[in-house]
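First comes the structure, then the notes that go with it.
The values are calculated or read from the model by the stated rules, or taken from the named source; none is laboratory data. On a predicted model such as this, the values are computed, not experimentally measured, just so you know. Ideal geometry is used to build each Cβ from the backbone, glycine not excepted, and the neighbour counts take in all protein chains shown. Side chains are part of the model used for accessible areas, which takes the heavy atoms of the whole protein and leaves out ligands, DNA and RNA. Shrake-Rupley method; radii C 1.70, N 1.55, O 1.52, S 1.80 Å.
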Amino acid sequence: MKFTMSWLRDHLDTAASLDEITEALTDLGLEVEGVENPAAALAPFSIARVIEATQHPNADRLRVCRVETWPNGPDQPSAEVQVVCGAPNARTGLVGVFAPPGTHVPGTGVDLKPGVIRGVESNGMLCSERELMLSDDHDGIIDLAPDTPLGIAYADFAGLDDAVIEIAITPNRPDALGVAGVARDLAARGLGRIKTPAIAPVPGAFPCPVPVTLAGDVADKACPVFFARLIRGVVNGPSPEWLQRRLRAIGLRPISALVDVTNYLTYDRARPLHVFDADKVQGGLTVRLSRQGETLTGLDEKDYAFDDTMCVIADENAVESIGGVMGGLATGCTEATVNVLVEAAYFDPIRTAATGRKLKINSDARYRFERGVDPTSARDGIEMATRLILDLCGGEPSEVQVSGAVPDTARSCRLDPNRVVSLVGMDIPVAEQRRILTALGFEVGAADADGAHAVAVPSWRPDVHGEADLVEEIARVASLTKLVAAPLPRRAAGVARPVLSPMQTRQRAARRALAGQGLVECVHYTFVGEDAAALFGGGGPLMHVANPISSEMNVMRPSALPGLLEAAARNQARGFGEVALFEVGPAFHGPEPGEQAVEAALIRTGQTVGRHWSAGRRPVDAYDAKADAEAALAAIGLDPAKLMVARDAPAWFHPGRSGVLKLGPKVVLAALGELHPSVIAALDVKGPAVAATVFLEAAPFPRAKGPGRQALVVSDLQSVERDFAFVVPERVEAETALRAARASEKKLIASAAIFDVFEGTAAEAQFGAGMKSLALTVRLQPTAKTLTETEIDAVAAKVVEAVTKATGGTLRS
């Protein structure tokens with residue numbers, strides 16, 4: 001949003017300086033993004049007189065001018081310089097604008113230097129309007145009146161010392177997209193008195209001959225009200241200099257008086273308008289939704305095709321304008337326009353924004369309508385446009401035709417003055433609160449028995465809906481920079497209560513543990529494609545997303561594994577074969593409450609380590625996934641040695657290279673193993689690939705509240721290790737032997753582990769068909785006294801007895 005200081009002063013009677021204005025704007029929430037001061041760029045240009053202009057001796061189209069200048073100001077002696085000029089209007093006695101050597105010419109980007117042109121010395125330049133970026137006119141140099149004061153700065157004479165301010169407008173402040181709204185905020189701050197001119201209705205001389213109809217599919221919301229007025233007999237030419245100057249200052253190109261009026265009011269009152277050449281409109285106008293296949297050539301000379309959701313304005317022939325976005329070229333006003341139809345309407349912000357995005361049109365009208373134009377400003381807008389058109393172009397206006405009704409935006413909010421202190425910490429007197437709200441256009445009612453006020457919200461503030469919004473308005477106008485920091489209340493002695501819930505703490509512990517295993521954390525959308533969900537037992541109509549962001553993410557995910565595998569496939573496609581990823585997040589096993597769970601999922605692909613001369617490589621296997629899962633379970637307080645291993649892994653795992661970790665026969669804590677070949681093929685992952693899913697909510701939480709962890713128990717007595725080798729049937733799992741060994745003497749046995757497996761043809765030749773050898777080590781850790789040889793042998797005997805009984809094997813001799 002741009003405006004000039006002189007434009008602002010049309011609405012604000014103020015003596016504040018430019019710096020005071022810009023500082024206040026930023027403090028009010030209208031952040032100043034930049035200030036352009038044309039006077040600074042035009043400071044070297046002064047008014048000078050051509051003493052004599054003669055023909056250049058070596059060029060037909062050049063003249064040699066003796067120019068009288070005042071380098072030290074009009075009150076100091078003048079000096080004469082010679083300038084070679086190619087302008088056709090250069091002549092003796094001309095009063096123009098002179099730029100001395102060393103001047104940067106903004107219109108050309110050139111820094112002037114003394115030079116020789118066709119053998120004649122030239123020192124400086126006589127400038128055209130385009131060289132000063134005042135217009136596109138470069139047919140001749142600036143030709144001022146003979147009585148123009150000489151020697152003064154041209155910027156001061158032409159009134160070009162008008163600073164341009166650019167502010168950033170947040171989406172909730174559509175009222176500040178007009179200079180009048182900005183002035184209102186500054187007046188409320190106390191930087192002047194608001195003086196926005198009142199709008200007087202212009203009487204019509206005849207009924208409007210162009211009927212306007214609101215179709216039923218737009219009259220309720222898309223376009224509830226439409227004002228139209230015909231002005232006949234206009235003379236459409238260039239707009240006056242003051243209007244062109246303001247439009248150029250904010251970056252708009254003047255077109256013609258009729259079009260410039262609409263652009264001016266868009267920025268002056270935040271009220272977009274449109275003008276039709278009435279002689280090009282066939283019959284009446286109908287505001288309706290577009291039809292599939294309809295097209296329009298816009299004022300930007302680009303073609304646009306519509307679907308059936310866009311609000312358009314059509315005559316009996318075709319669509320002539322896109323409601324709230326852009327007009328059509330066919331009915332646009334030109335210099336030949338004699339009869340003009342002025343339109344002021346209210347268009348739905350949501351539909352306008354959607355239309356602009358679909359058509360990829362960014363216009364000033366769309367920018368305002370999609371943020372919420374004041375619905376009640378349509379009548380004032382058409383009256384202001386009428387007055388300006390009559391003043392600039394003449395003509396005779398019709399009566400205003402109104403189709404539909406202005407939407408009712410009346411609402412009020414209750415304000416307790418004490419809420420200002422409790423919400424923002426500023427003690428603002430009640431009288432000042434009332435003054436601020438009144439200055440902003442709110443109507444503050446009398447206090448009730450509780451001291452609260454009913455505050456009516458003006459129609460141009462669609463962002464204010466409650467008491468907190470009113471407090472915000474009071475605080476920003478009073479200036480939050482005046483907020484005094486107060487010391488925080490002292491906390492009672494003792495340990496602070498934990499901020500995180502037990503489940504959040506568990507998730508954080510699992511993340512740290514998996515990251516410690518060398519896995520990289522990912523965060524995906526909780527949506528996957530139908531095919532990917534089906535691979536992991538999900539999908540189905542009940543799990544579909546009503547409004548998916550993509551056709552490939554239309555189902556709530558049953559697991560985080562599909563997203564991790566797709567990420568692995570993308571990495572492999574880019575040459576990264578060894579992928580190790582994890583994610584902690586929700587999975588959705590059904591649509592009902594309670595069918596969502598928090599899980600930690602992980603995958604590994606490729607080799608265990610990169611290629612290196614000092615270490616061997618092997619493909620990842622199920623035991624890598626088991627180690628990762630056990631690390632996560634250990635981090636949340638479970639002892640992996642006490643868990644059961646079962647074979648019943650889900651169907652997306654390899655049936656012979658997978659399993660589950662259980663706490664007892666029913667509670668499944670993790671599923672792990674190598675993924676099924678069909679699954680990794682469907683997701684375009686190059687195997688091998690292993691995965692694990694840890695069900696964080698399945699593990700029981702501590703029943704009693706106590707310390708975060710148990711006290712560490714450390715024994716200073718020497719531990720003892722004993723090795724055992726058993727001959728067992730091939731069908732016996734190693735876990736069976738380990739579990740039996742640990743249970744044989746729980747008080748003394750600290751750990752047990754398999755360190756050798758001897759099986760196959762050689763084993764069968766030594767031990768018999770269908771047999772193998774399992775070697776395990778058992779560590780004994782005494783806590784009361786050092787163990788004697790007799791006590792160690794007794795524990796060893798218990799281990800042998802328990803393992804042979806559990807496995808049906810024998811101690812290997």
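Multiplying the sequence separation of residue 17 and residue 615 by 0.36 nm and subtracting their Cα-Cα distance, what value in nm do you get? Walk me through the intermediate numbers first.
Numbers: separation 598, 0.36 × 598 = 215.28 nm, distance 7.46 nm.
That pair, residue 17 and residue 615, stretches by 207.8 nm at full extension.
Grab the beta carbon distance between residue 791 and residue 701, set R0 = 35 Å, and tell me the FRET efficiency rounded to 0.05.
0.35
List every residue whose amide H lies under 5 Å from the amide H of residue 285, counting only residues 5 or more places away in sequence or on a different chain, with H placed 1.01 Å from N in the peptide plane.
Amide H to amide H, under 5 Å and 5 or more residues apart or across chains, residue 285 pairs with 212, 213.
Using a probe radius of 1.4 Å on heavy atoms only, what accessible surface per residue do you get for the chain? Whole Å² is fine.
Per residue, the chain has an accessible area of 50 Å².
Of all DSSP beta bridges in the chain, what percent run antiparallel (nearest 5)?
If I count the DSSP bridges inside the chain, around 95 percent turn out antiparallel.
If you take the beta carbon distance between residue 812 and residue 783 as r and set R0 to 30 Å, what does 1/(1 + (r/R0)^6) give as a FRET efficiency, to the nearest 0.05? It would help to have the intermediate numbers written out before the result.
Details: r = 31 Å, r/R0 = 1.03.
The calculated FRET efficiency here is 0.45.
Carbon and sulfur together cover what percent of the accessible area of region 543-634 at a 1.4 Å probe radius? Working shown, then result.
Details: 2310 of 4470 Å².
Within region 543-634, the accessible surface is 52 percent carbon and sulfur.
Ranked from the most accessible area to the least, with a 1.4 Å probe and all protein chains present, what is the order of 301, 595?
Values: 301 140, 595 70 Å².
The ranking, largest first, comes out as 301, 595.
Taking the simple approach of a point 7 Å from Cα along Cα-to-Cβ for both residue 72 and residue 308, what is their distance in nm?
8.2 nm
Starting from the Cα gyration tensor of region 501-620, take the square roots of the eigenvalues, sort them a ≥ b ≥ c, and report rounded, prolate or oblate (rounded when a/c is under 1.5, otherwise prolate if a/b is larger than b/c, else oblate).
oblate
Carbon and sulfur: what percent of region 45-137's accessible surface (1.4 Å probe)?
Reported share for carbon and sulfur atoms: 46 percent.
Can you spot the lysines whose alpha carbon is less than 30 Å from residue 358's alpha carbon? Ignore those fewer than 8 places along the same chain.
2, 221, 280, 302
For 805, 772, give the ranking by accessible area with the largest first, probe 1.4 Å.
On the way: 805 180, 772 20 Å².
Listed by decreasing accessible area, they come as 805, 772.
How much accessible surface area, in Å² rounded to 10, belongs to the heavy atoms of residue 525 with a 1.4 Å probe?
Approximately 140 Å² for this residue.
Using only helices, what value at 222 nm comes out for the chain when you add -39,500 (n - 2.57) per DSSP H run of length 4 or more and divide by the total residues, to the nearest 500 deg cm²/dmol?
Mean residue ellipticity at 222 nm (helix-derived): -7500 deg cm²/dmol.
Need one value: the accessible area of residue 31 in square angstrom, 1.4 angstrom probe, rounded to the nearest 10.
So the heavy atoms of residue 31 present about 110 Å² to solvent.
Under 5 Å between amide H atoms, partner at least 5 residues away or on a different chain: which partners does residue 31 have, H built in plane at 1.01 Å?
168
For residue 723 and residue 550 in the same chain, what is the full-extension length gain: residue separation times 0.36 nm, less their Cα-Cα distance, in nm?
Details: separation 173, 0.36 × 173 = 62.28 nm, distance 5.93 nm.
Gain on stretching residue 723 to residue 550: 56.4 nm.
Return the sequence-ordered ³J(HN,Hα) values of region 456-466 in whole Hz as given by the Karplus equation 6.51 cos²θ - 1.76 cosθ + 1.60 applied to θ = phi - 60°, using x for Gly and Pro.
Karplus values, whole Hz, x for Gly and Pro: 7, 8, x, 5, 8, 10, x, 8, 9, 10, x.
With labels modelled as points extended 7 Å from the Cα through the Cβ direction, what inter-label distance (nm, one decimal) is found for residue 481 paired with residue 135?
Modelled inter-label distance: 4.1 nm.
Let me know the shape class of region 23-148, please: from the alpha-carbon gyration tensor, a ≥ b ≥ c as square roots of the eigenvalues, rounded when a/c is under 1.5, otherwise prolate if a/b is greater than b/c, or oblate.
In terms of gyration-tensor shape, prolate.
Heavy atoms only, probe 1.4 Å: what % of the accessible area of region 417-503 goes to carbon and sulfur, would you let me know? Working shown, then result.
Details: 3260 of 5410 Å².
In region 417-503, the share of accessible area belonging to carbon and sulfur is 60 percent.
With the Cα gyration tensor of region 435-541 giving a ≥ b ≥ c as the square roots of its eigenvalues, does the rule (a/c under 1.5 for rounded; else a/b larger than b/c for prolate; else oblate) give rounded, prolate or oblate?
Taking the square roots of the gyration eigenvalues as a ≥ b ≥ c, region 435-541 is oblate.
Evaluate the distance, in nm, between pseudo-label points positioned 7 Å from the Cα of residue 681 and of residue 443 along their respective Cα→Cβ axes.
That separation, rounded to one decimal, is 7.6 nm.
For residue 468 and residue 292, calculate 0.36 nm times their separation in residues minus their Cα-Cα distance, and state this gained length in nm to one decimal.
That pair, residue 468 and residue 292, stretches by 58.9 nm at full extension.
For residue 463, what residues show an amide H to amide H distance below 5 Å, using hydrogens built from the backbone and excluding near sequence neighbours?
Distant-sequence amide H within range of residue 463: zero hits.
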